[in-house]
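The structure appears right after this line, and notes come after that.
The numbers here are math on the coordinates, done by the rules we state, and not lab data. These numbers were taken from a predicted model, which means no experiment stands behind them. Methodologically, a virtual Cβ is constructed for each residue, glycine included, from the backbone with ideal geometry; neighbour enumeration extends over all protein chains shown.
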Amino acid sequence: MTALRDDDTLYPEIEPYHFGRLQVSELHDLYFEESGNPKGKPVVFLHGGPGGGTDPKHRRFFDPEKYRIVLFDQRGCGQSDPHASLVDNTTWHLVADVEALREYLGIERWQVFGGSWGSTLAVAYAETYPDRVTELVLRGIFMFTKREAEWFYGKGTRVLFPDAWDDFIAEIPEDEQGDLIAAYYRRLTSDDEAVRDAAAAAWSLWESRVATLLPDPELLRHCADPAFTLAFARIECHYFINGGFLKHEKQLFANLHTIQHIPTTIVHGRYDVICSMENAWRLHKGLPKSDLVVVRDAGHSAFEPGISRALCEATARYADL
Amino acid sequence: MLPSRRTLYPEIAPYDAGHLQVSEIHSIYYEQSGNPEGKPVVFLHGGPGGGCSPRHRCFFDPDKYRIILFDQRGCGRSTPHASLEENTTWDLIADIEALREHLDVDAWQVFGGSWGSTLALAYAAKHPFAVSQLVLRGIFTLRPQEVLWFYQEGASSIFPEAWEQFVAPIPMGERADLLTAYYIRLTSSDPEVRLEAARAWSTWELSTSHLFPSAEDIHQAASDDEFSLAFARIEAHYFMNQGFFASPWWIYDNIDNLRHIPAVIVQGRYDVVCPVQTAWDLHKAWPEAELRIVDDAGHSAFEPGIIHELVEATDRFADVL
């Protein structure tokens with residue numbers, strides 16, 4: 001196995017041994033890749049946003065000698081086509097895509113790993129196909145309840161980051177600020193490219209400024225790239241305005257009984273101000289057999305040292321199951 | 001790498017200490033340390049009800065400052081202990097003036113954090129010519145939304161485990177207004193009931209006051225019954241009475257009285273007791289004051305980045321009249 005040294009928080013960089021595309025609907029064509037050990041334990045990585053796309057660094061949460069690591073870009077983002085499309089783009093389309101990819105790759109069951117929106121999608125997938133999931137590794141928990149959405153876009157985060165919030169709402173005229181998400185949605189779906197881009201930049205900046213415990217210039221640069229921001233902001237806002245396409249806001253909690261048997265680790269940063277610690281606490285209460293790891297010196301990002309170390313430890317623990 | 005940070009000045013003993021009878025029932029403890037010929041500064045502690053400790057002397061250069069600490073009515077070494085009678089913001093402001101006259105000080109620097117910042121602002125608005133500079137930390141202006149954030153909904157999302165302990169002693173039916181529920185118990189005629197409520201109240205605040213709370217600190221402070229009782233009772237008394245201000249925005253409405261006073265506002269980004277929002281609102285109402293947000297700090301005055309900014313501020317002001 002590839003051992004994680006004490007001062008490492010991620011496994012070494014690796015290249016995929018296989019990548020390809022899967023046509024999942026008339027319109028949507030997804031990018032996927034496999035890395036690590038082709039005979040290893042399968043794991044699928046579910047990225048955040050929605051609309052965030054995958055990154056080569058996402059391969060590094062898994063021991064490449066033990067895991068067959070599957071990454072894919074969800075509809076409309078990363079290298080999937082059509083870029084930034086909102087058509088046929090819902091939670092349940094994505095759940096079906098995860099299942100289609102599993103079948104396409106001839107995988108019987110796999111570990112499901114996801115943070116932030118990736119944790120939402122992981123739980124939605126596991127509740128739909130509980131027999132296909134060997135373990136769940138979840139980070140920066142978000143179950144798409146109203147309370148959680150309001151924390152980030154209204155009541156909570158702004159109290160701790162009022163300076164960043166002022167910049168976020170400055171994009172929207174005062175008479176539209178009563179419903180910020182709707183105001184942003186109008187701009188993000190505008191016919192005017194300049195309007196879309198400006199809204200996408202402000203939307204993404206808000207999130208990236210509050211994603212790490214300490215300001216992270218590298219993350220800010222990445223999140224300012226227009227190729228990233230348009231898909232990220234449009235798709236995220238589309239999901240938010242539609243309440244995550246849940247039948248009711250507590251749907252994912254209501255169905256937790258279907259996944260109690262799945263070994264689960266929950267990793268959450270104490271100072272995650274995007275998805276507050278309370279989200280993880282509530283999920284842990286709903287999954288009493290789960291392991292909860294609270295990282296005292298971290299925010300929301302997957303790549304703060306305490307978080308990535310805890311995630312790697314979880315996948316290492318599950319590697320031989 | 002961060003440039004090295006300033007640390008506290010060495011511990012010193014007072015050269016003078018005494019009690020001042022400020023009303024028929026209240027006698028307050030005060031002390032002077034540092035240089036008797038130095039620049040006078042008065043330290044206003046938090047809570048209300050927190051009292052002073054020897055470490056509070058160490059924010060000031062003892063060669064340059066005449067450092068005056070006192071315990072506000074009902075706490076620390078002031079008597080009667082934990083008394084709520086004749087204990088209001090305006091009584092405390094009168095005490096500060098009485099102490100200034102007693103010590104024959106013309107004008108002094110006023111230094112206060114948390115509730116100490118509330119008191120400093122209200123004092124400066126009432127007696128601007130007695131104040132040479134203001135050094136404020138962990139800003140609190142006692143508006144209803146600030147009290148609700150900490151005692152009803154807000155900080156609860158970031159420290160859900162500690163919050164569970166805080167609400168545990170209160171029956172479900174009373175949890176819609178936790179402040180009132182606690183006040184009833186803290187002013188109960190049964191000393192057991194008072195003490196149990198005081199311990200839980202203080203534990204909640206101590207569990208959330210540092211970026212990295214230590215179980216040891218929390219336990220130590222919460223097991224000091226005398227401290228907890230004064231702290232919890234006096235805090236709840238002030239919060240139930242909206243700080244005895246005529247309106248929730250009293251400080252902002254009177255800000256013009258003190259805008260000419262040189263001031264530094266030091267605020268921890270992850271202060272969940274008095275979140276940045278208040279410092280930001282104050283900054284907008286009073287742009288002349290210098291706002292220093294410390295990225296890696298919570299509420300406590302003793303967080304390394306907070307100490308750095310406070311000592312820098314008092315040093316900068318040390319040679320100014």
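Per the helix-only calculation at 222 nm, which mean residue ellipticity applies to chain B, given -39500 (n - 2.57) for every DSSP H run of n ≥ 4 and division by its residues, nearest 500 deg cm²/dmol?
Details: 12 runs with 125 residues, N = 321.
Result for chain B, helices only: -11500 deg cm²/dmol.
Report the relative contact order of segment A:11-92, percent, no decimals, based on alpha-carbon pairs under 8 angstrom and at least 6 residues apart.
Reported relative contact order: 33 percent.
Nearest 10 degrees is fine. How inclined is helix B:276-285 to the longest principal axis of chain B, computing both from alpha carbons?
With rounding to tens, the tilt is 50 degrees.
Under 8 Å for C-alpha pairs, at least 6 residues apart: give me the relative contact order for chain B, rounded to a whole percent.
Relative contact order here is 20 percent.
Longest exposed-loop-site-free stretch of chain B, with GluC sites (Glu not before Pro), DSSP loop and at most 15 other Cβ within 10 Å? Don't jump to the answer; show the numbers that get you there.
Numbers: sites that count: B:E11, B:E24, B:E37, B:E85, B:E86, B:E153, B:E288.
In short, B:154-287.
Output the Kirkwood hydrodynamic radius of the protein assembly as shown, Cα pairs only, in Å rounded to one decimal.
Mean inverse Cα-Cα distance, inverted, gives 26.6 Å.
Sort segment B:255-321 into rounded, prolate or oblate with this rule: let a ≥ b ≥ c be the square roots of the eigenvalues of the Cα gyration tensor; rounded if a/c is under 1.5, and if a/c is not under 1.5, prolate when a/b is larger than b/c, oblate otherwise.
Since a/c reaches 1.5 but b/c is at least a/b, the shape of segment B:255-321 is classed as oblate.
Can you tell me the FRET efficiency between A:K57 and B:A168 if r is taken as the Cβ-Cβ distance and R0 is 56 Å, rounded to the nearest 0.05?
My answer for the efficiency is 0.85.
Any idea what % of Cα-Cα pairs in segment B:132-178 are farther than 13 Å?
Beyond 13 Å sits 65 percent of the P(r) for segment B:132-178.
Using DSSP to define loop residues, name the trypsin sites (Lys or Arg not before Pro) in segment A:178-247 whose beta-carbon has at most 11 other beta-carbon atoms within 10 Å. Can you show the working numbers first?
Working: sites: A:R186, A:R187, A:R196, A:R209, A:R221, A:R234, A:K247; in loops: A:K247.
When the trypsin sites (Lys or Arg not before Pro) of segment A:178-247 are filtered for loop state and at most 11 Cβ neighbours within 10 Å, A:K247 remain.
Write out the GluC sites (Glu not before Pro) in segment A:98-141 meeting two conditions: DSSP loop, and at most 16 other Cβ atoms within 10 Å of their Cβ.
The qualifying sites are A:E108.
Which of the residue pairs A:K250/A:K285; A:K39/A:K66; A:K146/A:K247; B:K39/B:K126; A:K146/A:K285 have a Cα-Cα distance greater than 20 Å in the structure shown?
The answer is B:K39/B:K126.
Per DSSP H run of at least 4 residues, take -39500 (n - 2.57); add these up for chain A, divide by its residues and hand me the 222 nm value, nearest 500 deg cm²/dmol.
Here the helix-only value at 222 nm equals -11000 deg cm²/dmol.
Residues in segment B:43-67 near a label at B:E37, defined as backbone nitrogen under 12 Å from the 7 Å Cα→Cβ point?
B:64
Return the long-range amide H neighbours of A:L292 (sequence gap of 5 or more, or a different chain), with a cut-off of under 5 Å between placed amide H atoms.
For A:L292, the qualifying residues are A:I266.
Go through segment A:61-77 residue by residue and turn each phi into a ³J(HN,Hα) via Karplus (6.51, -1.76, 1.60, θ = phi - 60°); whole Hz please, and just put x for glycine and proline.
Coupling constants for segment A:61-77: 7, 10, 5, x, 7, 10, 10, 9, 9, 10, 10, 8, 8, 5, 3, x, 9 Hz.
Each label point is 7 Å from the Cα along the Cα-to-Cβ direction; what then is the distance between the points at B:F129 and A:E193, in nm?
Label-label distance for B:F129 and A:E193, simple model: 6.6 nm.
Mean shadow of chain A, computed from the convex hull of its alpha carbons, in nm²?
Taking the Cα atoms of chain A, their convex hull projects to 15.2 nm² on average.
Using each residue's phi in segment B:208-213, evaluate 6.51 cos²θ - 1.76 cosθ + 1.60 at θ = phi - 60° and report the 3J(HN,Hα) Karplus result to the nearest Hz, with x for Gly and Pro.
Whole-Hz 3J(HN,Hα) from phi for segment B:208-213: 10, 8, 10, 4, 10, x.
Give me the one-decimal nm value for the distance between modelled label points at A:L214 and B:V105, 7 Å along each residue's Cα-to-Cβ direction.
If labels sit at A:L214 and B:V105, their model points lie 3.6 nm apart.
Which of A:Y153, A:Y184, A:Y104 moves the most in a Gaussian network model of chain A with Cα springs under 10 Å?
A:Y104
Determine the dipole magnitude for chain B: charges of +1 sit on the beta-carbon of Lys and Arg, -1 on that of Asp and Glu, nothing else is charged, the reference point is the Cα centre, and the result goes in debye to the nearest 20.
Values: 23 positive and 45 negative charges, 95 e Å.
The calculated dipole for chain B is roughly 460 debye.
Charges only on Cβ, +1 for Lys and Arg, -1 for Asp and Glu: so what's the dipole of segment B:1-104 about the Cα centre, in debye to the nearest 20?
Once rounded to the nearest 20, the dipole reads 640 debye.
Take every DSSP beta bridge with both residues inside segment B:1-142 and express the antiparallel ones as a percent of the total, to the nearest 5.
Of the beta bridges lying entirely in segment B:1-142, close to 45 percent run antiparallel.
Which percentage, to the nearest 5, of the DSSP beta bridges contained in chain A is antiparallel? All intermediate terms of the calculation are to be shown ahead of the outcome.
Values: 12 of 35 bridges.
If I count the DSSP bridges inside chain A, around 35 percent turn out antiparallel.
Could you work out the relative contact order of chain A? I mean the mean sequence separation of Cα pairs under 8 Å and 6+ apart, divided by the number of residues, in percent.
Rounded, it is 19 percent for chain A.
For A:K41, which sequence-distant residues (separation of 5 or more, or a different chain) have an amide H within less than 5 Å of its own amide H, given hydrogens modelled in the peptide plane?
A:Y67, A:R68
On full extension of the chain, what length is gained from B:I12 through B:D217, given 0.36 nm per residue of separation minus the C-alpha to C-alpha distance?
71.5 nm
Is the shape of segment B:145-250 rounded, prolate or oblate, going by the alpha carbon gyration tensor and its root eigenvalues a ≥ b ≥ c, with a/c under 1.5 for rounded and a/b larger than b/c for prolate?
rounded
Tell me the label-point distance for the pair A:A100, A:H248, using the 7 Å Cα-to-Cβ offset, in nm and rounded to one decimal.
3.1 nm
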